[in-house]
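Trainee: Take this structure first; my questions come after.
The values are calculated or read from the model by the stated rules, or taken from the named source; none is laboratory data. Because the structure is predicted, anything quoted here is derived from the model rather than measured. As a convention, Cβ positions derive from the backbone with ideal geometry for all residues, glycine included, and neighbour counts pool all protein chains shown. All accessible areas refer to the heavy atoms of the entire protein, side chains included, with ligands and DNA or RNA removed. Shrake-Rupley method; radii C 1.70, N 1.55, O 1.52, S 1.80 Å.
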Amino acid sequence: MRRLSPPQQEALGKRVMGAIRDGMPTSEATRVFGVSRGSIRNWRNRFAEGGAEGLNSGRPGRRIGEQTKLSPDRALALVTAIVDFEPEVLDLGGKLWTLRKVVALAHRLSGVSFTEQGMGKLLRCMGFTFQRPDRGAIGADPEAMRGWVEVTYPALRERARSEGAVILFGDQVGVRSDQLSGHTWGRKGQTPVVKRTGNRFSLNAMSTISTRGELHFTVFHGTFDAAGLLAFCTRLLNHFDTKIHLVVDGHPAHRAKTVKTWAADHADHIELHHLPAYAPHLNPGELVNADLKRTLADKTITTRDQLGNEVRSFFHRVQKLPDHIRAYFRVCPVSGSVSLSVVARGGVELPVRGCCEYPCGSGVFGSVAVDRGGCGGRG
């Protein structure tokens, strides 16, 4: 029996019970089907309790809530501590959670001892995975982020709707010839090597996207400054007949005096709005930059001109994919589809399926991985 998969055991149990209900003696069933009397007795009990559905195979292994070391309340306390605090805050040292630290925390919270292997199984059961963390800024203001998502942006959206205006999210990005990102397959313990050019060169770009599925961009050499931003904004004005509400981050060029003066002179046509400090996850334009860098990571680039052509090719391709552009907003808190409870954490809530009575998913968060770079100007 144990050599059979759960679906095969389920099918066999139903055949045996069908034969017994048709009058086959138990002794005959054990001989014909090659099963033990204990198995038949188990199937009889399950059939008596739940009918034919009682014979359905469930998830193999320990039953939910059976022989668990932690009660649901203590498991919830463990999950909450891991999600809400860094180890050093709980006097466990460092900023990264390891199995050794989680074992120590579980013993402190409940007096229960785990092996590191057992704790790893428990964490996976509760929806955790061992992963590289995203970076968060110490100077970030969770309340300001929440205010932007719950108050500022909804008000801006209503205002733009009443004005017949368009909201654009803009961001700049810098790309380099020696930059390496992305993942590839390789033998365990042997890090793959991707050959890149030894020549170092870079360029910058700025792009804007809207919930309509529109993308505008510029590619250029040199640093990003107020002059480059104003040149790009001027080009945007030529593309739109309606007023533009441009949402950007706190880059110094965005707050330059010349930019404020220019914006005041063109207030009937364009307004600049600034995101809270250290909140890249609130800007869907960051996902465009991450997409660009992942694309370039799979290219062999040897010259500056080739780098420029690849960057422009990426933007031109995405411009033709409005559904792809709108998808950037669906994983950003401004879309309204992401739980506001995770905004202050700088991340996007990930749905997790539970496999036991422990709390799964309700407190397990991940963040959108974005690569940031400086940039801006004319291309």
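Trainee: Tell me, in nm to one decimal, what length is gained between residue 242 and residue 144 on full extension, where the rule is 0.36 nm per residue of separation less the Cα-Cα distance?
Mentor: Stretched fully, the residue 242-residue 144 segment lengthens by 32.4 nm.
Trainee: Quick one: Debye curve from the alpha-carbon atoms of segment 65-137 only, equal weights, vacuum; give me log10 I(q)/I(0) at q = 0.12, 0.18, 0.25 Å⁻¹ to two decimals.
Mentor: Calculated log10 I(q)/I(0) at the listed q: -0.31, -0.69, -1.36.
Trainee: Right, something else. Accessible area of segment 157-257 with a 1.4 Å probe: how many percent of it is carbon plus sulfur?
Mentor: 49
Trainee: Please give the FRET efficiency for residue 88 paired with residue 155, using the beta carbon to beta carbon distance and R0 = 30 Å, rounded to the nearest 0.05.
Mentor: Here the calculated transfer efficiency is 0.20.
Trainee: Right, here's the next one. Order the peptides 119-128, 94-103 from the highest to the lowest mean number of other Cβ atoms within 10 Å of their residues.
Mentor: So the peptides 119-128, 94-103, ranked by packing, come out 119-128, 94-103.
Trainee: Something else now. Using R₀ = 51 Å, calculate the FRET efficiency as 1/(1 + (r/R₀)^6) where r is the Cβ-Cβ separation of residue 129 and residue 227; round to 0.05.
Mentor: Efficiency computed from Cβ-Cβ geometry: 0.65.
Trainee: Kindly rank 235-241, 296-302 from highest to lowest mean number of other beta carbons found within 10 Å of each residue.
Mentor: Most protected by this proxy first, the peptides run 296-302, 235-241.
Trainee: Show me, for segment 190-196, the HN-Hα J-couplings you get by feeding each phi into the Karplus relation (A = 6.51, B = -1.76, C = 1.60, θ = phi - 60°), rounded to Hz, glycine and proline as x.
Mentor: In residue order, the calculated couplings are 10, 6, x, 10, 10, 6, 10 Hz.
Trainee: Measure of size requested: the Rg and Dmax of segment 207-274, with Cα atoms as the atom set and Å as the unit; please supply both.
Mentor: Spelled out, the Cα radius of gyration and Dmax of segment 207-274 are 11.7, 31 Å.
Trainee: Could you calculate the contour length gain from residue 33 to residue 320, that is, 0.36 nm times the residue separation minus the distance between their Cα atoms, to one decimal place in nm?
Mentor: 97.2 nm
Trainee: Between residue 121 and residue 264, 0.36 nm times their residue separation minus their Cα-Cα distance comes to what?
Mentor: Net length gain for the segment: 45.6 nm.
Trainee: Continuing with this model, one more query. Suppose R0 equals 51 Å. What FRET efficiency, 1/(1 + (r/R0)^6) with r the Cβ-Cβ distance, do residue 313 and residue 96 give to the nearest 0.05?
Mentor: Efficiency, from the Cβ-Cβ distance: 0.85.
Trainee: Rounded to a whole number, what is D in µm²/s for segment 99-228 from Stokes-Einstein with the Kirkwood radius over alpha-carbon pairs (10 °C, 1.306 mPa s)?
Mentor: Rounded to a whole number, D works out at 76 µm²/s.
Trainee: Under 1.5 on a/c is rounded, so check that first for segment 246-314, then, if it is not, pick prolate when a/b is larger than b/c and oblate when it is not; a ≥ b ≥ c are the square roots of the alpha carbon gyration tensor eigenvalues.
Mentor: Because a/c hits 1.5 or more and a/b exceeds b/c, segment 246-314 counts as prolate.
Trainee: I'd like the accessible area for residue 176, computed on protein heavy atoms only with a 1.4 Å probe and all protein chains in place. Round to 10 Å², please.
Mentor: Result for residue 176: roughly 120 Å² accessible.
Trainee: Net charge near residue 17, counting Lys/Arg +1 and Asp/Glu -1 over other residues with Cβ under 15 Å of its Cβ?
Mentor: Combined, the nearby Lys, Arg, Asp and Glu give +2.
Trainee: Along the Cα→Cβ direction, 7 angstrom out, place labels at residue 274 and residue 44. What is the inter-label distance in nm?
Mentor: If labels sit at residue 274 and residue 44, their model points lie 7.9 nm apart.
Trainee: While we're looking at this one, here's another question. Keeping all protein chains in place, calculate the accessible area per residue for segment 69-128 (probe 1.4 angstrom), answer in Å².
Mentor: Accessible area per residue: 55 Å².
Trainee: Oh, and also: Which of rounded, prolate, oblate describes segment 186-315, given a ≥ b ≥ c as roots of the alpha-carbon gyration tensor eigenvalues and a/c under 1.5 marking rounded, otherwise prolate only if a/b is larger than b/c?
Mentor: prolate
Trainee: Local charge sum around residue 48 (other residues, Cβ-Cβ under 15 Å, Lys/Arg +1, Asp/Glu -1)?
Mentor: Surrounding charge for residue 48 is +3.
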